[in-house]
Amino acid sequence: MIPSPPSAVWTRLALHKLLRREFRGVRVIVVSNREPYIHRRSGGGVECIQPASGLTTALDPILRATGGVWIAHGSGDADRLAVDSRAHVAVPPGAPSYTLRRVWLDKETEERYYCGLANEGLWPLCHTAFHRPTFRLADWESYRQANRIFADAVLEEAGGDPALVFIQDYHFGLLPRLLKERDPRLTVAQFWHIPWPNRETFRVFPWKEELLDGLLGNDLLGFHLRYHCSNFLETVDRGVEAMVDSEHHEVWRGGKLTRVRPFPISIDFEGHVQEACGPAVKRHVETWRRELGNGHRFLGIGIDRADYTKGIPDRLRAVDRLLEICPEYRGQLLFLQFAVPSRTRIEDYQQLNRELAQLAEEINTRWARGEWRPIRICRRHLPQAELMALHRLSDFCMVTSLHDGMNLVAKEYAASRTDEDGVLVLSRFAGAARQLTSALLVNPFSVDEMGEALRCALTMPREERRCRMRALRSAVRENNIYTWAVNVMSTLLEVGQIPNLSAGLAAQEVAPAAVNF
Ligand code: ADQ
């Protein structure tokens, strides 16, 4: 049962207090591929940076409150210099409250497990975005190997005591079973940040039984949406020997129960709002205004990793279509697309970057007027404050993923718009569309429909924009990242086998999750 927030919504502090009370004495171990803090060489010394990541926002408070261990791949070029003989470093720097345990992978294992199996195999398979997944036996063997290396690290950190292990994402499909086989007293949960495809799609995965068996080592398996949970349950039903209870979202396999639940992830809404109203963002608004110049009347933005699932080429084609059907925007609209290079060792990603440059060039050539060009592509990774400034400056934001587990950009856009203005054009196939129903929802495969949505966004009366934005903002406020963390952790209290957990949560006043996914 999910507890009610002590005030209107869950906050970082309320989550902290809850965890301090309910998880006292419990060893909490988080596992993810990416680390929350990276040490890298800079000038003559070493600097510690915190990569911008929704994951860190969500998990950092859990670890701070429980003083646990976060196990992750040490990927920074100075990571080895910062750790002790057990590969431990206390974090956050300056005010240490938990331990980061780094795991070392050799270059080939990392390349095959991470770039190969995870990003060329599971990523396209789960997104069903018409990119053929690549499956290589050598990648799968490295994936197994990497999962075994992480299992050793977890067991070492648990030290034979009961512990709660919270695994992140599709890089670790085999880890839950490996852990349970070696220590059944561990409570193991996993959150799968990407969609789970339907069973027909999943059938092509060559090692499906082993992967499903691995995932069924979990006590709790979380997806963003109920839809992904149902897909997973159907896949299990057809894929391995197990008893599936679709009504209660549970699977029994070999006498062991796995609960499968939706936990829609989110952002730190209040923290985001505070920063968006702060002086740094104001300064960036002015800088960006100058940088963009005044050769346009309307500004649209897109902010993504350059990933083929994000639907960026069709988004640019939609801008092209708008200019075709509405001549009044020629010379008036600037569309600024951030496409930060990502996974560039993979050919499909290199190809996407070439396609984006070429497409922008074609569209700009078609509509050029004097100095004005309709599309600008920027490859830079920006600090949050600059992104917020762009959110606030723009007339609309396009999030048109072909398929997306959730999509945090959509939520960040709404949170930044404290002026209750701006229009969000959002793909129906992003998980966020289930909560953000007041956005202009579009089919990202239809350039015509998106072109129309842009026309609608640019002509929408102020009152309608306000109404829609207000609804978007309250959806994100009520379902913030702390709600996500509380829901996961309190479900774990129900499924866990951790001794000494008080029945405190169950005794509290309870409320159903705010939105049914
Ligand atoms: P991602 O596919 O990485 O995450 P998303 O949820 O959109 O996608 O998060 C991207 C993050 O990167 C956002 O916080 C965004 O602000 C940031 N970002 C993008 N471009 C940037 C830039 N130029 N500069 C700085 N920051 C930038 C996966 C799943 C998603 C799911 C998340 C969380 O694919 O569906 O929402 O995990 O579970």
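Using the structure shown, decide if Arg86 is away from the ligand (no atom under 16 Å from the Cβ), touching a strand residue (DSSP E or B) at 6+ places or on another chain (Cβ under 9 Å) and closer than 25 Å to Pro162 by Cβ.
Working: away from the ligand (no atom under 16 Å from the Cβ): yes; touching a strand residue (DSSP E or B) at 6+ places or on another chain (Cβ under 9 Å): yes; closer than 25 Å to Pro162 by Cβ: yes.
Answer is yes for this residue.
Of the residues Glu157, Glu120, which single one is closer than 26 Å to Ser85 by Cβ, crowded, with 20+ Cβ neighbours inside 10 Å, of a type in the set (Asp, Glu) and not assigned by TED's automatic domain parsing to the domain that holds Asp348? It would help to see each step written out before you state the result.
Working: Glu120 fails: closer than 26 Å to Ser85 by Cβ.
Answer to the selection: Glu157.
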Checklist line | Residues (in a helix (DSSP H, G or I) and buried (at least 17 other Cβ atoms within 10 Å of the Cβ)) located in segment 80-92 | finding: Ala82
Next item on the list: Give the residues of segment 25-46 that are away from the ligand (no atom under 14 Å from the Cβ), out of contact with any Phe, Trp or Tyr (no Cβ under 8 Å at 6 or more places or on another chain) and touching a residue at least 12 places away in the same chain (Cβ under 8 Å), sorted by residue number.
Entry: Gly25, Val26, Arg27, Tyr37, Ile38, His39, Arg40, Arg41, Val46
Checklist line | Filter result (of a type outside the set (A, V, I, L, M, F, W, C), in a loop (DSSP other than H, G, I, E, B) and within 24 Å of the chain's Cα centre (by Cα)) within segment 117-145 | finding: Thr128, His131, Arg132, Pro133, Thr134
Check: Only one of (1) in a helix (DSSP H, G or I); (2) away from the ligand (no atom under 15 Å from the Cβ); (3) not hydrophobic (A, V, I, L, M, F, W, C) fails for Gly300. Which number is that?
Finding: (1)
Checklist line | Criterion violated by Arg465 - all others in (1) in contact with a helix residue (DSSP H, G or I) (Cβ under 8 Å, 6 or more places away or on another chain); (2) surrounded by 17 or more Cβ atoms within 10 Å (Cβ to Cβ) satisfied | finding: (1)
Margin query: If I filter segment 309-320 for residues that are free of Cβ contacts under 8 Å to residues at least 40 places away in the same chain and assigned by TED's automatic domain parsing to the domain that holds Met398, do I get at least one hit?
Written below: no
Next item on the list: Sort through Leu257, Leu216, Leu221 and tell me the only one that's away from the ligand (no atom under 16 Å from the Cβ), buried (at least 21 other Cβ atoms within 10 Å of the Cβ) and either outside the structural domain of Glu328 (by TED's automatic domain parsing) or not β-branched (Val, Ile, Thr) (or both).
Entry: Leu216
Item checked: Among (1) under 22 Å from Trp123 (Cα atoms); (2) surrounded by fewer than 23 Cβ atoms within 10 Å (Cβ to Cβ); (3) at pLDDT 95 or above - the single one Arg238 does not satisfy -> (3)
Next item on the list: At least 1 residues that are within 29 Å of Leu292 (Cα to Cα) and within 12 Å of the ligand (Cβ to nearest atom) in each: list the strands (runs of 3 or more DSSP E) lying fully within segment 392-447 that qualify.
Entry: 396-399, 423-427
Check: (1) more than 30 Å from Ala14 (Cβ to Cβ); (2) more than 15 Å from the ligand (Cβ to nearest atom): which one isn't true of Val340, the others all being true?
Finding: (2)
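Here is a list: Arg345, Arg379. Which entry is of a type in the set (Lys, Arg), within 10 Å of the ligand (Cβ to nearest atom) and either under 18 Å from Leu458 (Cα atoms) or touching a residue at least 40 places away in the same chain (Cβ under 8 Å) (or both)?
On the way: Arg345 fails: within 10 Å of the ligand (Cβ to nearest atom).
Every option except Arg379 fails the conditions.
So which residues in segment 51-79 are part of a loop (DSSP other than H, G, I, E, B) and either without any contact (Cβ under 8 Å) to a residue 12 or more places away in the chain or within 13 Å of the ligand (Cβ to nearest atom) (or both)?
Pro51, Ala52, Ser53
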Item checked: When residues of segment 304-336 are limited to those that are crowded, with 23+ Cβ neighbours inside 10 Å and part of a strand (DSSP E or B), the one farthest from the ligand (Cβ to nearest atom) -> Leu333
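Every residue in segment 337-376 that is part of a loop (DSSP other than H, G, I, E, B), at negative phi and either of a type in the set (Ser, Thr, Tyr) or surrounded by fewer than 13 Cβ atoms within 10 Å (Cβ to Cβ) (or both), please. Walk me through it before giving the result.
If we filter segment 337-376 for residues that are part of a loop (DSSP other than H, G, I, E, B), which is where we start, we get 341-346, 368, 370-371, 373-374.
Now narrow it down to the ones that are at negative phi: 341-342, 344-346, 368, 371, 373-374.
If the condition is that a residue be part of a loop (DSSP other than H, G, I, E, B), at negative phi and either of a type in the set (Ser, Thr, Tyr) or surrounded by fewer than 13 Cβ atoms within 10 Å (Cβ to Cβ) (or both), then Ser342, Thr344, Arg345, Glu371 are the ones that fit.
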Check: How about segment 423-437: which of its residues are crowded, with 19+ Cβ neighbours inside 10 Å and in contact with a strand residue (DSSP E or B) (Cβ under 8 Å, 6 or more places away or on another chain)?
Finding: Val423, Leu424, Val425, Leu426, Ser427, Phe429, Ala430, Gly431, Ala432, Ala433, Leu436
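Going residue by residue through segment 359-366, is there one that turns out to be within 12 Å of the ligand (Cβ to nearest atom) and either closer than 28 Å to His284 by Cβ or not charged (D, E, K, R) (or both)?
To start, the set of residues in segment 359-366 that are within 12 Å of the ligand (Cβ to nearest atom) comprises none.
Looking for residues that are within 12 Å of the ligand (Cβ to nearest atom) and either closer than 28 Å to His284 by Cβ or not charged (D, E, K, R) (or both), one finds none in segment 359-366, hence no.
The values are calculated or read from the model by the stated rules, or taken from the named source; none is laboratory data. On a predicted model such as this, the values are computed, not experimentally measured, just so you know. Using ideal geometry, Cβ is built from the backbone for each residue, glycine included, and neighbour counts are taken over all protein chains shown.
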